[in-house]
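Worksheet: one structure, shown below.
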Amino acid sequence: MASGGTAAAAQASGGSAQKPGKSVTGTRPWIAGAFLLPALLLLGALVVYPIGYSVWRSLFDAPGSGFVGLDNYGELFADERIRTALKNNVIWVVVAPTVATALGLIFAVLTERVRWGTAFKLIVFMPMAISMLAAGIIFRLVYEQDPERGVANAVWVSVHDTFAEPAPYPGANPRPNADLKASGGGSFTTKTTVRTGTAVGLPLVAVQPDDVRSAQRAKPATPRPGQITGTAWLDFTRGGGGTPDKIDEQEKALAGLTVQAVKDGKVVATATTAADGTYALPARAEGAHLRLPAANFAEAYNGVDWLGPTLVTPAIIGSYVWMWAGFAMVLIAAGLASVPRELLEAARVDGANEWQVFRRVTVPLLAPVLVVVLVTLMINVLKIFDLVYIIAPGASQDEANVLALQLYQSSFGTDVNQGIGSAIAVFLLVLVSPVLIVNIRRLRKERQR
């Protein structure tokens, strides 16, 4: 009776009684182990062993023969280059994921209202198809100092020159022993005072050929009563010859020069040279010195030193955002597609404007997606190496240094110390671990919902 009741109970439960030697899933443990063994071997060989060996190697000196304990970890905070790399990593983690996520959110929201939104998303996402190495080469050229090669400075110089008139003859100066002498700040002033009814020549040299390529032939000025006249010209004859301080037949006029009459430290009159190089000053310039201001000869604006010590890290972060803003946009757009439109419309019906709908409804509903994007990018930037290595020139690489690059330099660079390199690798693992733990916990909570 008892055995019959047990069998009946087993049948009543749908045969759920577990057979001896089988797991909960109904699979024998040795079969499950056989299927998992290749993956476990790969995991051990590619993950567990390298981590364990790195921890072990970080406790030894550079040759690997002397045990130094935690001295390599102390060196991480004593070495100036490594401290700079740590500081830059903090900047990267704070700035790059935040900016990329914010831009991705803006693009995702705006493209919903754009007719060609799909095409726009494709264009923004396209940099993700480019490798970090290729992107680094592209932006190394973009940030080139020469405006004729670097796109960033070409745009910047164009904007600057729109609002600030460039100097007509950068680098020009008078001949040695001429009547013009340097008067401070890059300007030149005549040694002698001028008188009305006379013509005062202003010969210059060291003018760039491109600045006078289309210039007219210089014309000697005619003296005029009650005025001070003169000519500014390039006192140089191609092929040699010619007479110094005299306008020769083939010498070019310097048009657009500003000429000032200065008396007792004050500018009493100003003139600008004509196309033939001539100028005229009124009678009140009598007894004054003529001055050519520094603005005539200032070097051409050459843009911003994007890859200099000050801006190299922000410039590289800009290239990273260019690549990864599209990634953030696609993930956020996918989350935005699942947002109930009824909630948005209800907020608008209740009188909320578009900014209030975005801030109080859209962003809170997208919070889980935004966290995913932010955490993913934070993990990504902690490992950043390629862009910094390619974009930063040798002179600025120490200022742009990050931990992953320092790990490479310490392990395989000119001053090899694999003990320090292993310590940096372990330190990076410790930095990434909290972010990974938070991400895993968040995923588990989402699965439980």
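The values are calculated or read from the model by the stated rules, or taken from the named source; none is laboratory data. In this text the structure is predicted, and so the values were computed from the model without any measurement. Please note: Cβ atoms are built from the backbone with ideal geometry, for glycine as well, and neighbour counts cover all protein chains shown. The area values use the complete protein model at the heavy-atom level, side chains included, leaving out ligands, DNA and RNA. Shrake-Rupley method; radii C 1.70, N 1.55, O 1.52, S 1.80 Å.
Restricting the first member to the range 93-122 and to residues that are buried (at least 18 other Cβ atoms within 10 Å of the Cβ) and part of a helix (DSSP H, G or I), and the second to residues that are charged (D, E, K, R) and at pLDDT below 90, the beta-carbon pairs closer than 8 Å and six or more apart or on different chains are F107/K121; T111/K121. Taking the range 153-221 and the strands (runs of 3 or more DSSP E) fully enclosed by it, the elements with 2 or more residues that are among the polar types (S, T, N, Q) and in contact (Cβ under 8 Å) with a residue 24 or more places away in the chain are at 188-190.
Helices (runs of 4 or more DSSP H) fully within the range 330-428 that include at least 2 residues being crowded, with 18+ Cβ neighbours inside 10 Å: 367-382, 386-391, 403-412. When the range 51-61 is limited to residues that are closer than 13 Å to S411 by Cβ and within 35 Å of the chain's Cα centre (by Cα), the one that is surrounded by the fewest Cβ atoms within 10 Å (Cβ to Cβ) turns out to be S54.
If the condition is being among the hydroxyl-bearing types (S, T, Y) and open to solvent by 30 Å² or more (accessible area, probe 1.4 Å), then the range 144-192 contributes S158, T162, S183, T192. Looking at the range 379-390, can you tell me whether even one residue there is out of contact with any Cys (no Cβ under 8 Å at 6 or more places or on another chain), touching a residue at least 40 places away in the same chain (Cβ under 8 Å) and among the basic types (K, R)? For the range 379-390, residues out of contact with any Cys (no Cβ under 8 Å at 6 or more places or on another chain), touching a residue at least 40 places away in the same chain (Cβ under 8 Å) and among the basic types (K, R): present. Considering V371, V339, V388, V381, the condition of being of a type in the set (A, V, I, L, M, F, W, C), closer than 28 Å to I440 by Cα and within 18 Å of the chain's Cα centre (by Cα) is satisfied by V381 alone. Restricting attention to the range 123-139, the residues being open to solvent by less than 70 Å² (accessible area, probe 1.4 Å), of a type in the set (G, A, S) and part of a helix (DSSP H, G or I) number 3.
For beta carbons closer than 6 Å, sequence separation of 6+ or different chains, a first residue in the range 279-307 that is under 29 Å from K263 (Cβ atoms) and a second that is in a strand (DSSP E or B) and hydroxyl-bearing (S, T, Y), the qualifying pairs are A280/T229; H289/T189; H289/T190; L290/T190; R291/T189; P293/T258; N296/T258. Among what's in the range 269-311 and is charged (D, E, K, R), part of a loop (DSSP other than H, G, I, E, B) and in contact with a strand residue (DSSP E or B) (Cβ under 9 Å, 6 or more places away or on another chain), pick the residue that is least open to solvent (accessible area, probe 1.4 Å). Only one residue tops the list, namely D276.
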